[in-house]
Each structure stands twice: as structure tokens, then as C-alpha cells.
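Please read the structure below before turning to the comments.
The values are calculated or read from the model by the stated rules, or taken from the named source; none is laboratory data. As the structure is a prediction and not an experimental result, all values here were calculated from the model. Please note: Cβ atoms are built from the backbone with ideal geometry, for glycine as well, and neighbour counts cover all protein chains shown.
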Amino acid sequence: MDDTPEHTIAIDIATRYLDEQSKPDEELYYFAYTIGIRNTGRVPAQLISRRWLIIDAIGFPREVVGDGVVGEQPVLRPGERFEYTSSTFFKTPYGTMEGAYVMRANDGAEFEAPIPQFVLCIPRMLH
């Protein structure tokens, strides 16, 4: 018997500082993040919505909630991966993001795929 859970999603994250868009003298620091979403479960699932908690270096929070990602609500069959790139900004040289995707399986069950906290930081700021 296959003991793979029905509803599981794996998330991987890569970030980069957008030097060409940032304006440190105006306290604007832009970052890109690329997220890979892989269906590691046994049933197809659709990404319905997202929820982000974005916190800058002084603890100022922003919450972002919306449908899908980058205008899409991809359906992922078991083993399939979807990748997208988006961006955010801070008024500080670093901050964190974390959140969750709401997924809907073919059987109608909704479940959350947690997005682990990650740091966005200008190069050589933290060691």
C-alpha cells in the first residue's frame, strides 16, 4: 500500500536583491522571490489563494491575501511542479516573508500548504 499522504505540497524558495530597482537613499529596497510548488501528494490539487505575512527589519507587518499567484490558479497533478517569480519591497534593507497557499484537491477537500519563513536581505548585510 502507498503511504504517501493524499494532500501534501513541497515548497522551495530562492530570493535575490533587485539593486537596479532599489533606492536606498529613499529607503526603498526591492527583492524578487521565486517559489517552486510541487504536489507531493497522491491526488491532483489546485492552488486557490495565497496569504502572506511580510515583516520588515523593524517589525512592521504587512498582510497580503489574494486569489492564486501571478494571475494563475494552477492545477498540479501528483509529482508536478509549478514555479513563479514575484517581488516585494521593504523600507529597510532586509525583512521576512511567510504564509500559506490554500489548495483544493480533486475530491473537494481544501487544505493549506505552509510557506516557511524566508529572509530577503541586501547582499553582505547578514552573515
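Of note:
- Evaluation of V70 against (1) within 12 Å of the chain's Cα centre (by Cα); (2) surrounded by 13 or more Cβ atoms within 10 Å (Cβ to Cβ) (one fails), failing number: (2)
This table checks each residue for (1) exposed (fewer than 12 other Cβ atoms within 10 Å of the Cβ); (2) modelled with pLDDT under 95; (3) over 11 Å from the mean Cα position of the chain (by Cα).
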residue	(1), (2), (3)
T34	no, no, no
G41	no, yes, yes
A45	no, no, yes
I48	no, no, yes
R51	no, no, no
I54	no, no, no
R62	no, no, yes
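- Some residue of the range 114-122 being crowded, with 17+ Cβ neighbours inside 10 Å, in contact with a Pro (Cβ under 9 Å, 6 or more places away or on another chain) and in a strand (DSSP E or B): yes
- From G99, G79, residue being touching a strand residue (DSSP E or B) at 6+ places or on another chain (Cβ under 9 Å), in a strand (DSSP E or B), within 17 Å of G36 (Cβ to Cβ) and without any contact (Cβ under 8 Å) to a residue 60 or more places away in the chain: G99
- Complete set of residues in the range 5-24 that are closer than 30 Å to R104 by Cα and assigned to a loop (DSSP other than H, G, I, E, B): P5, E6, H7, T8
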